[in-house]
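Take a look at the structure below.
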Amino acid sequence: MSALERLAASLQGLGDLRRAEAMARHTTFGVGGPADLFLTVRSADALAAATRAARQADVTVFVLGSGSNILVADAGMRGLVLDNRARAESTDAPKTTWRVESGTSFAAFARRVCRQGLEGLAWAVGIPGTLGGAVVYNAGAYGGCLADVLRRVRLADDDRDEWVPAADLGLVYRGSVFTRGQFAGKTVLETELALTPGNAAELLARVAAFDTRRIAAQPRGRNAGSMFKNPPDHPAWRLIEAVGLRGATHGEAAISEKHCNFFVNLGNACAADVAWLVAEAERRVQEQFGVRLEREVAFVGEWS
């Protein structure tokens, strides 16, 4: 029996297990080949148990949130992909301290607490991801970021769970100890957030203004959000536009006419189409401006 089959047997009872699941069905880009094993879990405990089982079997494991901010290779993903739908939450009596499992939609949670008159997450109502992903990338928008409200996180490693203070996560612009590889083998199970009382009407007005700005500036359709981090001196979109790539296409992938830092699937793009455009933007910007664009979207899976 192979390591994958032994792992598949050990995962019974933890969630819905599928084999050779097309990742295109689970990413906001709508591209990506098959995952060897694909397990949907609905609790933090199941998430922890599945990651430990994979590591004990020496099988690669990848935790999937909402499928945003990633580009999956056409050849797919080896090992186990965990579809994280752990969404339990609890709060204290004044509703200012929240414990929220990592598979919770960040945008949906942000909208709910704004409606309840809680300050701290109005900027997050358009973030297309889960709270677990928001921790990994220190998600942010409109001058706010998760580090502003994150108090601590519950992490799982090979043998135990532990709460780790946010100050130990090295949270920076779109990065953390996770993106730098310093917490390899640790999985975000749960977050603890500190919010403050606010005025619900004022918060919802601010949310509506952010919604209007986002709709006006960002393309609809299948994309993974901003492709590149913004360099210190110029926004990435301006550099991409300046090298003549606004609206550029390759296959059925395109650099958006509306916002040059968004790469979109026009219908039946493959991951290689998107990757070609990304590489071309990086090459031209480097050659013309001497600026190395840093990817915000993670390329995952079997890239040749």
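Restrict the check to the range 295-303 and report whether at least one residue is among the aromatic types (Phe, Trp, Tyr), in contact (Cβ under 8 Å) with a residue 60 or more places away in the chain and closer than 21 Å to Arg174 by Cα.
yes
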Legend entry - Close pairs (8 angstrom Cβ cut-off, 6 or more residues apart or separate chains): in contact (Cβ under 8 Å) with a residue 24 or more places away in the chain in the range 1-24, part of a strand (DSSP E or B) and hydroxyl-bearing (Ser, Thr, Tyr) anywhere: Gly15/Thr40; Asp16/Thr40
Legend entry - Residue list for the range 65-110, restricted to those being within 15 Å of Ala271 (Cβ to Cβ), surrounded by 23 or more Cβ atoms within 10 Å (Cβ to Cβ) and more than 15 Å from the chain's Cα centre (by Cα): Met77
Inset, instruction - Considering each of Ala298, Ala281, Ala271 in turn, give the residue that is under 25 Å from Ala216 (Cβ atoms) and either surrounded by 13 or more Cβ atoms within 10 Å (Cβ to Cβ) or in contact with a Ser or Thr (Cβ under 8 Å, 6 or more places away or on another chain) (or both). - result: Ala281
Inset, instruction - Select from the range 24-60 the residues that are in a helix (DSSP H, G or I) and closer than 13 Å to Asp74 by Cα and list them in ascending order. - result: Ala24, Arg25
Inset, instruction - Could you grab the pairs with beta carbons closer than 7 Å, sequence gap of 6+ or different chains, first residue in the range 35-55 and of a type in the set (Val, Ile, Thr), second one surrounded by fewer than 18 Cβ atoms within 10 Å (Cβ to Cβ)? - result: Thr40/Asp16
Legend entry - Residue under evaluation Met23, criteria (1) crowded, with 23+ Cβ neighbours inside 10 Å; (2) assigned by TED's automatic domain parsing to the domain that holds Arg154, criterion not met: (2)
Inset, instruction - Identify all residues within the range 157-195 that are surrounded by 12 or more Cβ atoms within 10 Å (Cβ to Cβ), among the charged types (D, E, K, R) and within 17 Å of the chain's Cα centre (by Cα); write none if there are none. - result: Arg174, Lys186, Glu190
Legend entry - The one condition in (1) at pLDDT 95 or above; (2) of a type in the set (Gly, Ala, Ser); (3) out of contact with any Phe, Trp or Tyr (no Cβ under 7 Å at 6 or more places or on another chain); (4) surrounded by 13 or more Cβ atoms within 10 Å (Cβ to Cβ) that Gly247 fails to fulfil: (4)
Inset, instruction - Starting from the range 91-103, take each residue that is closer than 20 Å to Val63 by Cα and at pLDDT 95 or above and list its partners that are surrounded by 16 or more Cβ atoms within 10 Å (Cβ to Cβ) and among the aromatic types (Phe, Trp, Tyr), counting only C-beta distances under 7 angstrom and pairs at least six apart or across chains. - result: Val100/Phe109
Inset, instruction - Test each condition in (1) in contact with a Phe, Trp or Tyr (Cβ under 6 Å, 6 or more places away or on another chain); (2) of a type in the set (A, V, I, L, M, F, W, C); (3) without any contact (Cβ under 8 Å) to a residue 24 or more places away in the chain for Ala141 and report the one that comes out false. - result: (3)
Inset, instruction - Specify which of the listed residues (Ala156, Ala184, Ala208) is closer than 28 Å to Ala46 by Cα and at pLDDT 95 or above. - result: Ala156
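The values are calculated or read from the model by the stated rules, or taken from the named source; none is laboratory data. Just so it is clear, the model here is predicted, and its values are computed rather than measured. Counting neighbours? That spans all protein chains shown, and the Cβs are built from the backbone with ideal geometry, glycine included.
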